[in-house]
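The values are calculated or read from the model by the stated rules, or taken from the named source; none is laboratory data. Note that the structure is predicted; figures quoted are calculated from it, not measured. Here the Cβ positions follow ideal geometry from the backbone for every residue, glycine too, while neighbour counts run over all protein chains shown.
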């Protein structure tokens, strides 16, 4: 008897789609990657550090200067979402290349 064939694993989301989603909606890139808790943590710290920055900066600071803490965490969340998506994509591509005879 031969072994039953394993189901072909579905391709992960394209990293560029995840990148675009992470840029438009903070934390949504992590949701697309299947780690929504991580996205919520990023969103929480974006809000928390944005609030802390607003209260720590002088009134005459620029918009970016007032929200620098939130903007920093937002940038980290975009990079994180893309990195996770890229690693998953490359692992899937490697697994697919190993299956071919």
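With respect to (1) surrounded by fewer than 18 Cβ atoms within 10 Å (Cβ to Cβ); (2) part of a loop (DSSP other than H, G, I, E, B), the lone exception for residue 17 is condition (2). For the residues 36, 15, 26, the requirement of being at negative phi and modelled with pLDDT under 95 singles out 26. Given 67, 82, 74, which one is in contact (Cβ under 8 Å) with a residue 40 or more places away in the chain, surrounded by 13 or more Cβ atoms within 10 Å (Cβ to Cβ) and over 27 Å from residue 9 (Cβ atoms)? Going through 67, 82, 74 in turn, just one is in contact (Cβ under 8 Å) with a residue 40 or more places away in the chain, surrounded by 13 or more Cβ atoms within 10 Å (Cβ to Cβ) and over 27 Å from residue 9 (Cβ atoms): 74. It is to be established whether one or more residues within the stretch 41-60 are touching a residue at least 40 places away in the same chain (Cβ under 8 Å) and part of a helix (DSSP H, G or I). No, the conditions are met nowhere in the stretch 41-60.
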